[in-house]
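Peer 1: Before we start, here is the structure in question, set down as structure tokens.
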Amino acid sequence: MLAYHLLTWVRETLRLSGDPRDWNTLRRLLSTHCLVTTVLPLTTGTVLRIRKPSQPNAEQQHLYDNLGIDSKAAFPAIKTTTTP
């Protein structure tokens, strides 16, 4: 039920902003915006993980703007460490 309401909100918000694309097109467009995790094992045994989003292309950024999503705030870089 939650997914249905989210989909309805996305469609309606985009329709009101003049973007009539269907859900399959939106999924295809956003499927290339990825999160990348870099794993760095250090000589001390500590493992550093940096998770960072890829840069949205112009069309993805336009879609985020139409939905009122700040892509930089929504996908912050995260650093974690694991010690032995």
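No lab work stands behind these numbers, since they all come straight from the coordinates. All figures in this text were calculated on a predicted structure; none of them were measured in a lab. Every residue, glycine as well, gets a Cβ built from its backbone with ideal geometry; the counts of neighbours run over all protein chains shown.
Peer 1: Out of these labelled values of Cα Rg over 2.2 N^0.38 Å, [x] 1.22; [y] 1.46; [z] 1.10, which was calculated from the coordinates shown here?
Peer 2: [y]
Peer 1: Let me ask something else. Run the helix sum for the chain: -39,500 (n - 2.57) per DSSP H stretch of 4+ residues, divided by residue count, reported at 222 nm to the nearest 500 deg cm²/dmol.
Peer 2: -12500 deg cm²/dmol
Peer 1: Angle, helix 2-16 long axis vs. longest principal axis of the chain, Cα atoms, 0 to 90°, nearest 10?
Peer 2: For 2-16 against the chain, the angle is about 60 degrees.
Peer 1: For S31, what charge total do you get from the other residues with a beta carbon under 15 Å from its beta carbon, if Lys and Arg give +1 and Asp and Glu give -1?
Peer 2: Neighbour charge sum, excluding S31 itself: +1.
Peer 1: Just subtract the alpha-carbon distance of T38 and K72 from 0.36 nm times their residue separation and send over the number in nm, one decimal. Kindly include the intermediate steps, with their values, before the conclusion.
Peer 2: Numbers: separation 34, 0.36 × 34 = 12.24 nm, distance 1.86 nm.
Once the chain is fully extended between T38 and K72, it gains 10.4 nm.
Peer 1: Tell me the label-point distance for the pair N57, H5, using the 7 Å Cα-to-Cβ offset, in nm and rounded to one decimal.
Peer 2: In this crude label model, N57 to H5 measures out at 3.4 nm.
Peer 1: Sticking with this structure for a sec: Say each of R49 and T25 gets a label point 7 Å from the Cα, pointing the same way as Cα to Cβ; how far apart are those two points in nm?
Peer 2: Calculated label separation equals 3.7 nm.
Peer 1: Students often check this: by mean Cβ neighbours within 10 Å, which of 3-14, 61-72, 36-47 ranks highest, and how do the rest follow?
Peer 2: Per-residue Cβ counts within 10 Å, averaged per peptide and sorted highest first, yield 61-72, 3-14, 36-47.
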